[in-house]
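Notes follow the structure.
The values are calculated or read from the model by the stated rules, or taken from the named source; none is laboratory data. Small disclaimer: the values here were computed from a predicted structure and weren't measured. A quick note on method: Cβ atoms are made from the backbone with ideal geometry, for glycine too, and the neighbour counts reach across all protein chains shown. Quick note on the areas: whole protein, heavy atoms, side chains included, nothing else; ligands and nucleic acids left out. Shrake-Rupley method; radii C 1.70, N 1.55, O 1.52, S 1.80 Å.
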Amino acid sequence: MSDAFADLDVIRRLLNESKTWAFVGLGDNPEREVYTQARLLQERGKRIIPVHPAARAVLGERGYASLAEVPDVSEVDVVGVYRRAEHAGEAVDEAIAAGAKAVWLPLQVIDEAAARRAKDAGLDVVMNRCPAVEWALRR
């Protein structure tokens, strides 16, 4: 995989300037990596929106079954796609259809075709990077 979807300027901008992150795959299980990442960004001042078929509240925020159900999805700065790689493309396509501004696929969630579709649709794309690690490295 190339670093085409790991532009440091994009990573820094998304971490520094974003206000709202929708986390696809965020349920109420604190043992999951998505929960850890959402909590970390919430602790750093980001609003998080859980997106999971169970649509439960997580970390004090109302949950939604899909991105299409999130009101004012245009206010979502980043959609974190915490699904297995074979399901990531579907979530990326939902983010594109919903009018999201950016998608972030974490470590080992690699779908270059989906990333290209998002980029071609005008979204910022980060893939195979960890928000927590990138937060620690940002300057």
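Tell me whether region 83-91 contains one or more residues that are closer than 16 Å to Leu123 by Cβ and among the charged types (D, E, K, R). Yes, region 83-91 contains a residue that is closer than 16 Å to Leu123 by Cβ and among the charged types (D, E, K, R).
Which of the residues spanning region 35-54 are among the hydrophobic types (A, V, I, L, M, F, W, C), in contact (Cβ under 8 Å) with a residue 60 or more places away in the chain and either under 23 Å from Ser66 (Cβ atoms) or part of a loop (DSSP other than H, G, I, E, B) (or both)?
Leu41
Which of the residues belonging to region 36-58 are touching a Pro at 6+ places or on another chain (Cβ under 9 Å) and within 13 Å of Ala132 (Cβ to Cβ)?
Applying the first criterion (touching a Pro at 6+ places or on another chain (Cβ under 9 Å)) to region 36-58 yields 36-41, 56-58.
Result: Thr36, Gln37, Ala38, Arg39, Leu40, Leu41.
Taking the criterion of being outside any loop (DSSP other than H, G, I, E, B) and without any contact (Cβ under 8 Å) to a residue 60 or more places away in the chain, the residues of region 1-20 that qualify are Leu8, Asp9, Thr20. Considering Ala100, Ala38, Ala85, Ala115, the condition of being in contact with an Asp or Glu (Cβ under 7 Å, 6 or more places away or on another chain), of a type in the set (Gly, Ala, Ser) and surrounded by 14 or more Cβ atoms within 10 Å (Cβ to Cβ) is satisfied by Ala85 alone. If Ala88 satisfies every condition in (1) part of a helix (DSSP H, G or I); (2) within 19 Å of Ala132 (Cα to Cα); (3) among the aliphatic types (A, V, I, L, M) but one, which is the exception? So Ala88 meets the others, but not (2). The set of residues in region 69-95 that are touching a helix residue (DSSP H, G or I) at 6+ places or on another chain (Cβ under 6 Å) and more than 18 Å from Val34 (Cα to Cα) comprises Val73, Glu94.
Among the residues of region 55-82, those identified as in a helix (DSSP H, G or I), open to solvent by 30 Å² or more (accessible area, probe 1.4 Å) and not small (Gly, Ala, Ser) are Glu69, Glu75.
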